[in-house]
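One structure is given below, represented as structure tokens, and several questions about it will come after.
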């Protein structure tokens with residue numbers, strides 16, 4: 001009979017979870033005994049970075065990744081990143097150590113009170129098995145839940161004395177997850193698109209999650225719909241150099257309604273209806289416009305602010321809808337006009353820096369971005385043109401971008417991470433993992449020496465001066481080098497192209513001093 005540990009490893013093998021991310025502690029020691037030769041433990045220096053790196057790896061591979069956390073304290077450190085994974089629908093199996101079962105009534109050191117409750121509501125499923133023998137079966141269930149649409153993180157707490165116990169046999173199970181709402185529901189959308197004067201598609205990250213880029217392009221081209229990216233997406237969902245692509249919707253109700261005012265039928269695919277950041281009054285859409293919503297998440301369908309929601313996995317639904325619609329005879333929508341990048345001058349502006357980056361970047365490099373005050377400039381200067389080629393945070397908890405980029409690079413992809421100085425400092429220790437793994441990663445820090453996004457939002461609501469937003473005298477180059485990651489700093493326009501060219505041969509962190517700006521976010 002297998003021990004819990006041996007059976008646990010077998011479940012991981014079957015699920016393709018042989019690369020683990022974590023930071024070990026005493027409650028995990030028995031789990032890590034007799035570590036298998038075919039497993040890889042990716043060490044992070046802090047638990048949130050472990051979760052972020054696991055998320056990047058999961059997105060790269062298309063499989064759930066396992067994260068090992070150390071008891072309640074480690075879960076607490078990691079929760080901001082778990083929140084991001086939940087909002088971004090990244091499949092993670094989070095396993096936390098717990099104290100010995102016999103000691104739990106006396107609340108020992110490192111114990112977790114109500115461990116399954118701690119990460120809720122930002123996990124899909126959370127459990128501490130009642131019996132040691134049930135741990136491997138619980139792991140198998142956790143993996144199925146994580147990978148069933150809408151995907152997301154799950155949590156399993158395991159007391160440290162469970163690992164040596166004999167395990168129950170694990171039933172062999174499979175879940176076939178693709179589904180649509182049926183032809184009648186999709187036919188209603190098809191008929192509305194066929195009859196539309198000026199249809200619009202709002203493309204969300206669910207398209208990229210489910211491999212539906214090609215089907216969405218076919219649908220948009222067939223009905224000649226203008227395509228907008230959904231507000232605050234975690235992934236790109238449509239080729240941004242396509243003539244039907246109009247840009248990114250801002251996360252403001254009045255702005256979304258205004259930009260879609262000329263469209264009589266709006267189809268939102270793989271995104272909420274809608275994600276807003278700042279409040280504004282007014283209708284969600286102009287009077288008379290019809291809105292349809294396709295996604296796999298029943299919760300998002302239930303709280304959608306308007307329209308008719310159709311529950312479907314995205315790829316299956318879009319492919320079927322593309323077969324149902326008729327080629328549109330309507331004229332093409334206007335082609336989006338991109339403004340040229342401004343020239344490089346001193347002091348450096350982020351817009352100009354991003355223009356140079358777009359010119360020099362390898363076309364196959366994955367883009368990861370967490371630069372809130374420069375997000376609009378990023379989207380204007382650096383079009384995403386391939387599936388699974390862009391990641392950011394769809395939730396806003398800072399510190400996500402850098403470890404996600406590390407995880408993508410560990411999976412073997414060339415990665416460029418554009419990050420703000422403030423964002424980088426939430427997870428700067430992820431550079432140590434990248435250095436140790438020799439990850440093919442270039443980090444471009446747009447360093448405006450402050451939390452400029454907070455200042456911009458303050459100005460928007462009439463608060464011209466906000467305390468606690470300035471970040472002077474940070475030496476990011478020394479920090480990176482202290483973690484063993486090569487780095488250099490650029491302060492002048494004349495230095496940038498050559499320095500960026502060197503950094504793109506990476507691994508390298510390039511700390512670029514940019515002006516703070518005085519504009520608005522949205």
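We did not get these values from a lab; they are worked out from the coordinates using the rules stated. These figures come from a predicted structure and were not determined experimentally. Every residue, glycine as well, gets a Cβ built from its backbone with ideal geometry; the counts of neighbours run over all protein chains shown.
What number results when the radius of gyration of the stretch 1-93, computed over Cα atoms, is divided by 2.2 N^0.38 Å?
Normalised by 2.2 N^0.38 Å, the Cα Rg of the stretch 1-93 equals 1.05.
Additional query: Return a whole-number percent for the relative contact order of the stretch 199-329, with Cα pairs under 8 Å and 6 or more residues apart as the contact set. Walk me through the numbers before you get to the answer.
Details: 280 pairs, mean separation 38.6, N = 131.
RCO, the stretch 199-329: 29 percent.
Take the alpha-carbon positions of the stretch 350-513, form their convex hull, and give its projected area averaged over all directions (one quarter of the hull surface) in nm².
9.3
Then there is this: In percent, what relative contact order does the chain have, based on Cα pairs under 8 Å that are 6 or more apart in sequence?
Working: 1169 pairs, mean separation 71.3, N = 522.
Across the chain, relative contact order equals 14 percent.
Ranked highest first by average number of other Cβ atoms within 10 Å, how do 76-83, 402-409 line up?
Numbers: 76-83: 22.8, 402-409: 32.4.
Highest to lowest by the protection proxy: 402-409, 76-83.
Compute for the stretch 246-389: radius of gyration divided by Kirkwood radius, i.e. Rg/Rh, restricted to C-alpha atoms, rounded to two decimals. Don't skip to the answer; put the middle values down first.
On the way: Rg = 18.2 Å, Rh = 18.1 Å.
Across the stretch 246-389, the Cα-based Rg/Rh ratio is 1.01.
For the stretch 118-173, report the translational diffusion coefficient in µm²/s to the nearest whole number, using Stokes-Einstein at 37 °C, 0.692 mPa s, and a Kirkwood Rh over Cα pairs.
My calculation gives 275 µm²/s for D.
A follow-up question, please. Quick check: residue separation of residue 491 and residue 470 times 0.36 nm, minus the Cα distance between them. What number comes out in nm?
Gain on extension, residue 491 to residue 470, equals 5.7 nm.
Calculate the tail of P(r) for the stretch 183-324: the fraction of all Cα-Cα distances greater than 25 Å, expressed in %.
The calculated P(r) of the stretch 183-324 puts 15 percent of pairs beyond 25 Å.
Restricting things to Cα coordinates, could you compute the convex hull volume per residue of the stretch 318-383 in Å³? Write out the running numbers ahead of the final one.
Values: hull volume 10.3 nm³, N = 66.
Per residue, the Cα convex hull of the stretch 318-383 comes to 157 Å³.
Taking the alpha-carbon centroid of each part, what is the distance from the stretch 439-487 to the stretch 58-123 in angstrom?
Spelled out, the Cα-based centre of one part sits 29 Å from the other.
Rank by packing, highest mean first: peptides 160-172, 85-97, with packing defined as the count of other Cβ atoms within 10 Å averaged across residues.
85-97, 160-172
Which shape class applies to the stretch 4-159: rounded if a/c is under 1.5, otherwise prolate when a/b exceeds b/c and oblate if not, where a ≥ b ≥ c are the square roots of the Cα gyration tensor eigenvalues?
Rounded, because the longest to shortest axis ratio a/c is under 1.5.
Follow-up question, since we're still on this one. Determine, at each q value in 0.19 (inverse angstroms), the log₁₀ of I(q)/I(0) that the Debye formula gives when each Cα of the stretch 479-522 is one equal point scatterer.
Evaluating at q = 0.19 Å⁻¹ gives log10 I(q)/I(0) of -0.65.
Okay, moving on. So what's the back-of-envelope 222 nm ellipticity for the chain, counting only DSSP H runs of four-plus at -39500 (n - 2.57) apiece and dividing by all residues, rounded to 500?
After summing the helix terms and dividing by the residues of the chain, the value is -9500 deg cm²/dmol.
Compute the separation of the alpha-carbon centres of the stretch 124-189 and the stretch 351-421 and state it in Å as a whole number.
Going from one Cα centre to the other spans 32 Å.
Report the extension gain between residue 242 and residue 358 in nm, rounded to one decimal, defined as 0.36 nm multiplied by the number of residues separating them, less their alpha carbon distance.
Net length gain for the segment: 40.1 nm.
Kirkwood hydrodynamic radius (Cα pairs, Å) of the chain?
Kirkwood hydrodynamic radius for the chain: 24.1 Å.
Would you please put 181-194, 343-356 in order of how densely packed they are, using the mean number of other Cβ atoms within 10 angstrom per residue and starting with the highest?
So the peptides 181-194, 343-356, ranked by packing, come out 343-356, 181-194.
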